[in-house]
Structures are given as C-alpha cells and as structure tokens.
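The values are calculated or read from the model by the stated rules, or taken from the named source; none is laboratory data. Quick caveat, the model's predicted, so the values are computed rather than measured. Here the Cβ positions follow ideal geometry from the backbone for every residue, glycine too, while neighbour counts run over all protein chains shown.
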Amino acid sequence: MHSYSREKPVELLLDFVKNQGESPKSINEIEERINKLINYEPKVGVFGKTGVGKSSLCNALFGKDVCEIDDIAACTREPKEVLLSIGNKKLKLIDLPGAGENKERDKEYAELYKKLLPELDLIFWVLKGDDRAFTSDQEFFKKLVHPYCENGKPFLMIINQVDKIEPYKEWDDKKGIPSSKQLDNIKKKCEEVERTFNLELEQIVPVSANEQYGLKELVDRIIHALPREQKKIMLDIIEEDEVEKYKAEAEKAKAEAEKAKAKIEEILHTIPPQRKGKISDEAREEAEKAWWDTITEIFMAALGKSKEKIHELIAQVFSSF
Ligand SMILES: Nc1nc2c(ncn2[C@@H]2O[C@H](COP(=O)(O)OP(=O)(O)O)[C@@H](O)[C@H]2O)c(=O)[nH]1
Ligand SMILES: [Mg+2]
C-alpha cells in the first residue's frame with residue numbers, strides 16, 4: 001500500500017481490521033481493490049476546434065505546462081495523448097482537435113473517436129466564448145458525443161475565453177472577473193449553448209483559462225460529474241497540482257534568494273581590503289607628525305617666525321574648533 005499521506009486513514013483502517021483477526025484472504029482482497037482504485041489512471045478526452053484553448057485549459061486545470069499552447073493555429077491534428085504525473089497520481093489526457101473543421105477529415109475522426117469514446121472517463125468539449133455560431137461543432141457533437149452524454153458518460157461543455165465576451169473591455173483585469181454586463185452575456189451564451197447542443201445547463205461551464213476564471217466552478221462540476229470511485233482520485237490530482245504549484249513557487253523564490261546571496265558575496269569580494277587593519281598607531285603617528293613638521297617649516301619660512309610661535313598658532317587654531 002502507498003505511504004501517500006492522504007491515504008493514511010485507509011491504511012490505519014486496514015491495520016485495525018488486520019489486528020481484529022480478519023482472514024488474510026479478505027485483507028488481501030481489500031488491499032488489492034484499494035490499490036487498484038488509488039492507482040487508477042483516469043482518461044480525459046478534450047474535444048474542440050483548434051485554437052479554442054484546449055491546451056491552455058488543461059494547463060490551467062492540471063497545472064504544469066503539459067500541453068503546448070499554439071498562438072498560431074497548428075496543423076498537427078492527430079489526437080495527442082499526454083500522460084500526466086502529478087504527485088504519485090497519473091492522468092491520461094487525450095487532445096482531440098479538429099472535430100467539425102473539415103468535412104473530409106471528419107469521417108476519419110468519426111471512426112477514430114468512436115473507438116476512443118467508450119474508454120474515456122470524462123469528456124470535455126471546449127468552445128470559444130466569442131464565437132458567434134457553433135454550427136461546425138454542432139453536427140459532430142450530436143452524431144458522436146451526445147449519445148454518450150445521454151447514457152450518463154461524465155461530460156462537460158466548456159465555454160472558454162469568456163474574457164472575450166462583449167463588452168470585453170469591461171473585463172476586470174485586476175480581479176480577473178467579468179463586469180455585470182459581461183456576466184449577463186456570459187449567462188446568455190450558456191443558454192444559447194444549452195439550446196444549440198441540447199444539454200442541461202449544469203453541463204455547461206463558462207471559464208477563462210488565461211484569466212484563471214471559473215476554474216473552481218469547473219472543478220466542482222468535474223467532481224460532481226464523475227462516478228463515486230473516481231471523485232477522490234480526481235480531487236487528489238487537481239489538489240496535488242496546487243501543492244506542486246506552491247512548491248514550484250517556493251523553489252523559484254529560493255533560487256532567487258540564493259542568486260541574491262551569491263551577488264552579495266560577489267560584491268563583498270570586490271570591496272578593496274580594509275586599510276585600517278594594516279596601519280599601526282606608530283606609523284599613523286609618524287606620518288601625522290611628519291606632515292605637521294612640514295607645514296610648520298613652510299609657515300616658519302614664510303612668516304619668519306620661530307617653531308614655537310608656529311606651534312602656538314596651530315594650537316590656537318585647533319582649540320577654536
Ligand atoms: N483571451 C483568452 N485567450 C485564450 C484563452 N485560452 C486560450 N487562449 C489563447 O488562445 C490561443 C490558442 O490556445 P491553445 O490552448 O493552444 O488552443 P488549442 O488549439 O485548443 O489547444 C492561444 O493564443 C491562447 O493564449 C482564454 O481564456 N482567454
Ligand atoms: Mg492544443
């Protein structure tokens with residue numbers, strides 16, 4: 001059994017049951033089943049046209065830079081499988097781009113996706129909030145994915161990039177939230193998507209991957225949509241990522257602090273060696289005395305006065321300070 005801290009309570013329970021004298025056979029069975037659950041790798045399929053922000057969304061949700069983000073629409077359109085390792089958990093992400101983009105290719109995709117769909121534990125279909133129509137998505141979705149949704153396959157229609165919904169200039173950059181007018185339009189968009197795709201409103205989640213908006217709601221919906229035995233696994237994966245994010249931030253701060261420390265050392269080394277420690281009182285006295293002897297001589301010669309007179313003068317001047 002894992003020594004993973006969050007599974008500790010289960011371990012304790014198992015130990016307790018062992019001590020109660022339960023048969024090794026039943027203990028084994030429990031252990032095997034729990035291990036299978038814990039080590040389960042959920043498969044998440046992410047559908048949506050190129051550029052809607054599938055990769056950005058996965059990165060925002062599962063952290064790490066697992067998926068490449070393309071500012072320019074990429075032409076690689078094969079499904080991409082990414083095995084995420086988060087803590088000691090694993091999750092398989094399958095990027096399924098291009099659906100509905102091209103009639104010729106759609107046939108090819110349809111075959112491929114038909115095979116893939118039954119294996120998926122969770123399906124995301126990603127739309128772009130500022131798209132006016134979803135006609136190309138619609139047909140493909142209805143034919144291929146909708147039957148699964150109706151059969152209870154965990155599914156979420158994600159409207160991404162809602163920061164671009166009109167009036168997009170009213171997006172509150174500081175707080176990362178929409179204005180009330182934008183929020184009204186976001187709600188309208190959700191209702192439009194509900195009608196267009198024949199879904200339940202609770203299957204539709206508006207988010208902005210770039211602005212990290214709506215992610216909490218999305219996680220709520222994911223956990224809610226998943227079957228009982230997968231909820232905790234998904235929660236751990238998402239939570240572990242958050243822990244890792246903080247750890248990464250701490251590591252970054254540590255590296256910066258170390259860099260600063262090295263810089264301080266470097267500066268300290270370039271400071272010229274302190275003179276003070278090298279000069280004896282005797283040497284200082286000798287030099288000072290020689291200096292004043294020289295000055296005295298100059299004054300004696302110029303003023304035609306005795307050494308004593310000049311010393312008196314100097315003493316007078318200094319006593320006035
Ligand atoms: N404004 C805005 N841009 C986004 C958002 N999500 C993704 N993008 C941008 O959309 C482009 C395509 O994103 P990408 O994740 O590569 O899309 P994919 O092709 O569906 O994987 C990139 O330039 C992203 O920065 C979002 O929530 N808001
Ligand atoms: Mg992508």
Filter result for Lys43 (modelled with pLDDT of 85 or more, of a type in the set (Lys, Arg), more than 16 Å from ligand 2 (Cβ to nearest atom) and loosely packed, with under 13 Cβ neighbours inside 10 Å): no
Test: residue in region 7-25 that is modelled with pLDDT of 80 or more and within 23 Å of the chain's Cα centre (by Cα): no
Matching residues, region 12-61, being in a loop (DSSP other than H, G, I, E, B) and in contact with a strand residue (DSSP E or B) (Cβ under 9 Å, 6 or more places away or on another chain): Asn39, Tyr40, Glu41, Pro42, Lys49, Thr50, Gly51, Val52, Gly53
Region 205-251 - residue that is basic (Lys, Arg) and under 16 Å from the mean Cα position of the chain (by Cα) and, of those, farthest from ligand 2 (Cβ to nearest atom): Lys247
Any hit, region 93-111, residues being more than 16 Å from ligand 1 (Cβ to nearest atom) and under 28 Å from Ile223 (Cβ atoms): no
Lone qualifier among Ile222, Ile165, Ile204, Ile177 - being closer than 25 Å to Glu242 by Cβ and free of Cβ contacts under 8 Å to residues at least 40 places away in the same chain: Ile177
Hey, Leu96 more than 9 Å from ligand 2 (Cβ to nearest atom), surrounded by 20 or more Cβ atoms within 10 Å (Cβ to Cβ) and at pLDDT below 90 or not: yes
